[in-house]
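I have placed the structure first, in the form of structure tokens, so that the comments after it can refer back to it.
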Amino acid sequence: MTARFAIVGSGPAGCYLADALARAMRGAAIDVFERLDEPFGLVRFGVAPDHEATRAISRVLRRPFDKGTARLHLGVEVGRDISLASLRRDYDAVALATGAPVDRRLGVPGEELAEPSGRFIRWINGHPEAAPPPRLAGARRAVVIGAGNVALDAVRLLAKHREIGCLNPLALERIDLLIRGGPEDVRFTPSELVEIGELTAAWPYLDAIGEASGEAAVILKEFAARPPGRGIPIRFHFRTQATAFLGAGRLEAVGTDRGVLPAHLAVTCIGYEKTPVDGVPPTGPEIEPGLYAVGWAARGPTGTIPTNRTEARTLAERMVAGLKR
């Protein structure tokens with residue numbers, strides 16, 4: 001009898017799992033359900049559009065569907081079009097690969113005036129459910145909040161706004177990056193920081209950072225030693241927290257524990273959260289017998305895209321072994 005597997009979500013974790021299951025059990029029936037009309041999740045809608053090499057991973061993700069070892073069902077939302085209970089009844093095992101689709105909130109006054117990073121990048125990438133930020137035209141000052149690569153993505157895209165069609169209405173003169181910790185606490189990867197230093201339309205601006213260590217700190221020290229550049233200054237504010245977003249109907253400034261920064265656009269980049277699937281909170285890798293989770297749905301929003309490939313192989317073996325219990 002042919003084994004049947006269902007995967008909810010067609011992002012990197014779901015596609016890698018489909019491929020791993022096909023390799024682990026030849027001839028298995030594998031169905032991947034995606035609520036949007038386009039597949040590949042984070043790679044399609046969450047990766048910065050100027051990171052073309054990362055976005056090209058979609059060629060790898062489509063392999064199980066091109067080879068016919070798995071079937072992709074677009075525009076099918078579990079909990080709306082089909083229940084999780086019915087999937088569990090009709091398939092031998094089900095895996096949730098729904099990621100962490102909700103932006104984490106700062107919880108400070110006026111936060112509705114800011115753009116959370118997930119929604120902001122999805123909008124830039126043409127996600128069908130992401131609305132544009134209000135009143136972009138003529139915005140001169142932007143504030144980005146965060147200490148990870150997503151914050152650097154937002155900074156870099158804003159600095160390149162003249163090259164990105166939907167950001168053309170901006171007229172940025174300055175970008176402020178607020179980082180809660182010190183230079184030693186940042187989660188920036190060296191390659192992402194180097195990209196900031198290579199911008200032609202903007203330049204990093206920060207004070208001397210003292211004795212901080214680590215690969216990122218070495219690059220930050222080099223930034224601090226540079227003379228003023230051309231274009232938009234990107235001001236790094238370490239040990240600075242946003243305390244409020246200020247404005248009457250539209251953003252006018254960001255309050256911090258060190259003072260107030262004028263701002264016409266603010267992007268918060270403080271992480272993401274998982275959500276239940278048809279009432280079932282995804283945990284993992286095994287939620288209960290026959291029901292699994294993979295990728296961010298299992299471990300939370302950590303790790304890189306290649307991490308999903310390794311975890312998918314491990315989970316595929318576990319799911320196949322689970323059929324024999």
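A few remarks follow.
- Selection within the stretch 132-169: residues that are farther than 28 Å from Arg180 by Cα and assigned to a loop (DSSP other than H, G, I, E, B). The member of this set that is farthest from the chain's Cα centre (by Cα) is Gly138.
- Candidates Ile234, Ile209, Ile219, Ile270, filtered to the one that is closer than 21 Å to Gly181 by Cβ and touching a strand residue (DSSP E or B) at 6+ places or on another chain (Cβ under 6 Å): Ile234
- Unmet requirement for Glu286, which otherwise passes all of (1) surrounded by fewer than 16 Cβ atoms within 10 Å (Cβ to Cβ); (2) closer than 30 Å to Ala316 by Cα: (1)
- Failed criterion for Ala316 (all others in (1) crowded, with 20+ Cβ neighbours inside 10 Å; (2) of a type in the set (Gly, Ala, Ser); (3) under 21 Å from the mean Cα position of the chain (by Cα) hold): (3)
- Answer residue from the stretch 248-267, given it is within 23 Å of Asn168 (Cβ to Cβ) and touching a residue at least 24 places away in the same chain (Cβ under 8 Å) and is most open to solvent (accessible area, probe 1.4 Å) among those: Arg250
- Boolean, Arg180 is within 20 Å of Leu261 (Cβ to Cβ) and at pLDDT 95 or above: yes
- Residue match in the stretch 221-228 (condition: at pLDDT 95 or above, under 24 Å from the mean Cα position of the chain (by Cα) and over 23 Å from Asp257 (Cα atoms)): no
- The set of residues in the stretch 161-181 that are open to solvent by 10 Å² or more (accessible area, probe 1.4 Å), within 27 Å of Thr302 (Cβ to Cβ) and touching an Asp or Glu at 6+ places or on another chain (Cβ under 9 Å) is empty.
- Test result for Glu273, modelled with pLDDT of 95 or more, surrounded by fewer than 20 Cβ atoms within 10 Å (Cβ to Cβ) and of a type outside the set (A, V, I, L, M): yes
- Scanning the stretch 85-106 for residues that are open to solvent by 50 Å² or more (accessible area, probe 1.4 Å) and under 27 Å from Ala159 (Cα atoms) yields Pro101, Val102, Arg104, Arg105, Leu106.
- Residues located in the stretch 83-116, provided they are in contact with a helix residue (DSSP H, G or I) (Cβ under 9 Å, 6 or more places away or on another chain), farther than 30 Å from Leu265 by Cβ and either without any contact (Cβ under 8 Å) to a residue 60 or more places away in the chain or not small (Gly, Ala, Ser) (or both): Asp92, Val94, Leu96
- Residues of the stretch 220-239 that are without any contact (Cβ under 8 Å) to a residue 40 or more places away in the chain and under 16 Å from Arg156 (Cα atoms): Leu220, Phe223, Gly229, Arg230.
The rows are residues; the columns are (1) open to solvent by 70 Å² or more (accessible area, probe 1.4 Å); (2) over 24 Å from the mean Cα position of the chain (by Cα); (3) aliphatic (A, V, I, L, M).
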{"residue": "Glu192", "(1), (2), (3)": "no, no, no"}
{"residue": "Glu195", "(1), (2), (3)": "no, no, no"}
{"residue": "Leu206", "(1), (2), (3)": "no, yes, yes"}
{"residue": "Ser213", "(1), (2), (3)": "yes, yes, no"}
{"residue": "Gly231", "(1), (2), (3)": "no, yes, no"}
{"residue": "Ile234", "(1), (2), (3)": "no, no, yes"}
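- Single unsatisfied condition, Ala224 versus (1) more than 17 Å from Asn149 (Cα to Cα); (2) of a type in the set (A, V, I, L, M); (3) in a loop (DSSP other than H, G, I, E, B): (3)
- Restricting attention to the stretch 119-160, the residues being under 17 Å from Glu52 (Cβ atoms) and either of a type in the set (Lys, Arg) or exposed (fewer than 14 other Cβ atoms within 10 Å of the Cβ) (or both) number 3.
The values are calculated or read from the model by the stated rules, or taken from the named source; none is laboratory data. Small disclaimer: the values here were computed from a predicted structure and weren't measured. With ideal geometry, Cβ positions are generated from the backbone for all residues, glycine too; neighbour counts draw on all protein chains shown. Heavy atoms of the whole protein, side chains included, go into the accessibility calculation; ligands, DNA and RNA do not. Shrake-Rupley method; radii C 1.70, N 1.55, O 1.52, S 1.80 Å.
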